[in-house]
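A.B. asks: Could you have a look at this structure, given as structure tokens, before my questions?
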Amino acid sequence: MSENIAVLGLGLMGSALVGSLLAAGHRVTVWNRTPAKADPLVAEGATRADTPAQAVAAGSLVIACLLDYPSTHQVLEGTPLEGRVVANLTTGRPSEARETASWVTGRGAGYLDGGIMAVPQMIAKPGALILYSGSRTAFDRYEPALAAMAEPRFTGDDPGLAPLLDLAMLTGMYGQIAGFLEAAALVRSAGYPLGEFTASLLVPWLEAMAAQQPAWAAKIESGDHSTEVSNLEINRAGVENLVRAFHEQGVKPDLLLPLKGVIDRRAARGLAHEGLSGLVEEL
Ligand SMILES: NC(=O)c1ccc[n+]([C@@H]2O[C@H](COP(=O)([O-])OP(=O)(O)OC[C@H]3O[C@@H](n4cnc5c(N)ncnc54)[C@H](OP(=O)(O)O)[C@@H]3O)[C@@H](O)[C@H]2O)c1
């Protein structure tokens with residue numbers, strides 16, 4: 001079904017979203033603070049709006065993809081939203097999403113918050129995912145249209161959930177990047193080829209370790225941190241050994257030290273017999 005969709009914000013991501021919606025046959029009206037960014041999309045079939053209100057008047061689904069929540073508020077301020085569904089795909093914090101949801105629904109519109117788990121080049125391609133939270137009714141109504149941009153995944157009624165899960169996924173990613181950077185510095189200190197280490201040793205190892213994480217999640221959900229794999233005392237000694245080896249190689253273990261701190265704190269509470277999953281209780 002072809003929908004009338006307004007898109008506010010034509011940066012790198014907003015433009016990619018519009019391209020995918022046009023390709024799926026939707027009627028898309030676009031607005032951007034810097035009007036020239038609409039030119040290529042108008043050439044592809046989008047309709048240009050001179051103001052956010054003009055765009056919103058033309059779309060029953062309003063997709064916002066702006067810099068941040070304050071700019072989203074600036075753009076939607078004074079724009080009639082009655083009867084619309086606003087899908088805010090701007091990155092922000094859970095508290096901002098909840099506050100924006102109240103503000104938008106108070107003006108007679110449905111609200112979905114979204115976390116885009118993709119870069120612009122991945123939009124409309126396999127592997128692109130957008131997390132949504134907020135109004136289930138709005139999600140069900142527009143799911144086929146949302147699917148044109150990326151796999152849409154509804155996560156719950158709390159509008160703050162999609163940004164929270166987005167941030168949680170980024171947290172996992174940054175943790176992995178931190179580990180990679182420390183490993184790279186250590187490998188480089190020995191003059192070993194980093195590309196070879198990464199492709200043939202590190203990546204298969206990380207994939208095997210990541211496959212264990214659902215079991216860790218089950219431990220954390222049960223609150224039972226007992227282990228038959230390796231206890232905190234062994235890991236405390238292991239990380240201590242790592243840190244000493246880094247110093248001996250002339251490499252700073254700065255990104256590892258916070259982990260060591262939490263392990264030490266947990267062990268100091270007399271819980272060194274538990275597994276690493278228990279560290280979550282210290283956080
Ligand atoms: N790019 C990615 O890989 C990616 C991935 C996931 C999520 N996201 C999220 O998607 C959102 C947009 O990212 P992007 O990559 O498209 O950024 P971008 O290329 O920098 O575009 C930012 C957009 O926000 C507009 N804007 C900024 N301040 C504004 C204001 N005060 N009033 C009105 N419009 C304003 C800009 O308008 P002008 O053109 O006039 O400057 C532009 O349309 C961000 O929240 C980002 O975190 C991006």
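Read-outs: derived from the displayed coordinates by stated rules, not from any lab. On a predicted model such as this, the values are computed, not experimentally measured, just so you know. Positions of Cβ are backbone-derived with ideal geometry, glycine not excepted, and every protein chain shown enters the neighbour counts.
A.B. asks: For the chain, what does the helix formula give at 222 nm: sum of -39500 (n - 2.57) over DSSP H segments with n ≥ 4, over the residue count, nearest 500 deg cm²/dmol? Walk me through the intermediate numbers first.
C.D. replies: On the way: 11 runs with 132 residues, N = 283.
Computed ellipticity for the chain at 222 nm equals -14500 deg cm²/dmol.
A.B. asks: Going by how many other beta carbons lie within 10 Å of each one, how would you line up Lys252, Lys37, fewest first? The partial results should precede the final answer.
C.D. replies: Values: Lys252 12, Lys37 17.
Exposure proxy ranking, most exposed first: Lys252, Lys37.
A.B. asks: Same structure again: Where a ≥ b ≥ c are the square roots of the eigenvalues of the C-alpha gyration tensor, would you call region 4-157 rounded, which needs a/c under 1.5, or, failing that, prolate if a/b is larger than b/c, or oblate? Please report the intermediate quantities before stating the final value.
C.D. replies: Numbers: a/c = 1.44, a/b = 1.10, b/c = 1.31.
Taking the square roots of the gyration eigenvalues as a ≥ b ≥ c, region 4-157 is rounded.
A.B. asks: Work out, step by step, the length gained on full extension between Ala268 and Ala23: first 0.36 nm times the residue separation, then minus their alpha carbon distance; give nm to one decimal. Mind showing how you got there, number by number?
C.D. replies: Details: separation 245, 0.36 × 245 = 88.20 nm, distance 5.88 nm.
Stretched out fully, the Ala268 to Ala23 stretch lengthens by 82.3 nm.
A.B. asks: Ranked from highest to lowest mean number of other Cβ atoms within 10 Å per residue, what is the order of the peptides 151-157, 167-173, 29-35?
C.D. replies: Numbers: 151-157: 16.4, 167-173: 12.0, 29-35: 19.9.
Final packing ranking: 29-35, 151-157, 167-173.
A.B. asks: Determine by what factor the alpha-carbon radius of gyration of region 156-211 differs from 2.2 N^0.38 Å, reporting the quotient.
C.D. replies: Details: Rg = 15.6 Å, N = 56, 2.2 N^0.38 = 10.2 Å.
It is 1.54.
A.B. asks: A further question on this structure: Going by how many other beta carbons lie within 10 Å of each one, how would you line up Leu81, Leu8, Leu66, fewest first?
C.D. replies: Numbers: Leu81 20, Leu8 28, Leu66 25.
Ascending number of Cβ neighbours within 10 Å: Leu81, Leu66, Leu8.
A.B. asks: Add +1 for every Lys or Arg and -1 for every Asp or Glu among the other residues with Cβ under 12 Å from the Cβ of Arg107, and state the total. Don't skip to the end; give the middle numbers.
C.D. replies: On the way: positive: Arg84; negative: Glu77, Glu82.
Around Arg107, the surrounding residues sum to -1.
A.B. asks: Restricting attention to the alpha-carbon atoms of region 69-187, what are Rg (one decimal) and Dmax (integer), both in Å?
C.D. replies: Final numbers for Rg and Dmax: 16.2, 59 Å.
A.B. asks: Rank these for me by crowding, His273, His26, going from fewest to most other beta carbons within 10 Å.
C.D. replies: Numbers: His273 13, His26 22.
Lowest to highest Cβ neighbour count: His273, His26.
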